[in-house]
């Protein structure tokens, strides 16, 4: 930690690093939240994640910033959702098929067949699939975001993809 | 590891195409607002303090009747606890326990995602091993001149002595049996017999309805465990409010839980280094256990996430490492020369932030950039990289046949603080053939 005399220059370096982090990853974080909830909340939530990154800047691994941000975003989103549970569900396109309280991330998805298949794979697999398909994560990055080992992440992703294919296949055969 | 299924019928591709935020950008000024917000906060914002444990005995007594239903051997380890390691006290939410062993060296960087520029050799990382995206964090849609650009290397004073260094292999096959998997499952509180199917061992339902363990038949015999019952965010389906309360477990509790698990798998818990993290707003705490070999961490770590009610998820590698004896290695100088050899690299593994360029912003003045005029020289940046330090360590290498080894590798540090890795094995130990 910086001494008194070095605090000013230490903070300036931190600020330069932080500014770069925000500039580089703003789009990714805003999209993350816009994919999983109301678009009007996305920037505020992204800003919250960056504020956390500043407070916890000593812990952010310099070589894996984005996965750390995504992981923090997951917690930020969970905290945010529990405040939304009591809101009315008037925003849902197909009221009755998907309740906002259950799957807020799916309400942004207008492909009804896909939404149905995703709804049936379970919350954990869905989370992995969205991180893979929309955030483009796999391998070590996915492992960091999920907080599990690399081989665990590979296995979890492989199973999630298989389950989605199975659920998809079932929906198509009627 | 791309899926070779027909893209049109693959629901993952359809999901990708259905991205509701495609093309979305934050409003102009977003970055400035965020930065301004943190600079108006107190200059020395207090970091999140890790839970200070003042009474270890009381802590263990409270813990004794919770969490893991451990086998008898592991139970004795749980009770003994603290004498074998020291808890590092810092002010941040993440602490390192014991030693401070050297970090693992990574031989592969995120090469596969970079766009290619003229004159830059395109190395196809997927030809090396299936799991080739080793180093997280590199921006995937940005041109990073430091890593992908044209690099010229300089060094002086590197050792010219070659020699030998030990190498190791992960022996997954010996560990892959119902007995081992069963012992791990029992330590995690699972009843049920391990079943071999779908490319792995399964204990418990694999559909997420209850706690389950899965062991993959890969080169490190990786396992993953998940108990949805302990997810603090799991609420009743018809609940009107989801308000999980509680606190994240302490670092001591989490590390003890991890040590018990490591011991239950037949390993020596003292041969690992432990780090623990708790995120702001989280009701769970994560622990990582890094196996130590020759005073260095290896990157096949174990993970465990602990909630107040028990272990939420855990993963690791069940394969033990076996010594392969000593392998001939090249000198530091020869390894340095490999940085300029297209057969080897260079693989940058850490990049100083100052080397990353800010994204070029066009059109901010309301018109496109000025046309270059005749006689203009092309911008053709070449990075001069000065290597100042070399370290011999261990790196994980995946064979194309699926086996996994720990091999000697050099880590070079440059004057700007970036690191570059090169395999240290002599040419005689490398099979350069394809297929």
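Since every read-out is calculated from the coordinates, none of them should be taken as a lab result. Given the structure is predicted, the values throughout are model-derived calculations rather than measurements. Neighbour counts run over all protein chains shown; Cβ positions are idealised from the backbone, glycine included.
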Projected label distance in nm at residue A:44 and residue B:333, using a 7 Å step from Cα toward the beta-carbon: 6.4
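Relative contact order of region A:2-83: what whole-number percent is it, with Cα pairs under 8 angstrom and at least 6 residues apart? Intermediate results must be reported in sequence, preceding the final value.
Details: 41 pairs, mean separation 21.0, N = 82.
Relative contact order for region A:2-83 comes out at 26 percent.
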What percent do you get for the relative contact order of region A:104-172 when only Cα pairs under 8 Å and 6+ apart count? 36
Let me know the mean shielding of A:119-131 by other chains, meaning the per-residue number of their Cβ atoms within 10 Å of its Cβ. 2
Provide B:420, A:17 in ascending order of the number of other Cβ atoms located within 10 Å of each residue's Cβ, fewest first. A:17, B:420
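Taking the number of other C-beta atoms within 10 Å as the exposure measure, put A:162, B:197 in order starting with the fewest.
Numbers: A:162 13, B:197 9.
The order, fewest Cβ neighbours first, is B:197, A:162.
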Separation of region B:279-315 and region A:14-50 by C-alpha centroid, Å? 27
Inter-label distance, nm, simple model (7 Å from Cα along the C-beta direction), residue B:415/residue B:399: 4.3
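Enter the mean number of other protein chain beta carbons within 10 Å of the beta carbon of each residue in B:297-303, as an integer.
Per-residue shielding by partner chains comes out at 3.
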How far apart, in nm, are the 7 Å Cα→Cβ label points at residue B:268 and residue B:389? 2.9
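Calculated FRET efficiency, residue A:162 and residue A:113, Cβ-Cβ r, R0 22 Å, to nearest 0.05? Write down the numbers at each step before the final one.
Working: r = 18 Å, r/R0 = 0.83.
The calculated FRET efficiency here is 0.75.
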Can you tell me how much longer the chain between residue B:102 and residue B:322 gets when fully stretched, taken as 0.36 nm per residue apart minus their C-alpha distance, in nm with one decimal? 77.2 nm
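Contact order normalised by length for region B:378-435, with contacts defined as Cα pairs under 8 Å and 6 or more residues apart; what percent is it? Numbers along the way, then the final one.
On the way: 76 pairs, mean separation 16.1, N = 58.
With pairs under 8 Å counted, the relative contact order is 28 percent.
Average partner chain C-beta neighbours within 10 Å, per residue of A:156-165? All intermediate terms of the calculation are to be shown ahead of the outcome.
On the way: counts 6, 2, 5, 8, 1, 5, 1, 3, 5, 6.
Average neighbour count from other chains, rounded to a whole number: 4.
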Once the piece of chain linking residue B:160 and residue B:195 is laid out straight, how much longer is it, given 0.36 nm per residue of separation minus the C-alpha distance between them? 7.3 nm
From Cα coordinates alone, what are the radius of gyration and Dmax values for region A:2-83 in angstrom? 13.9, 45
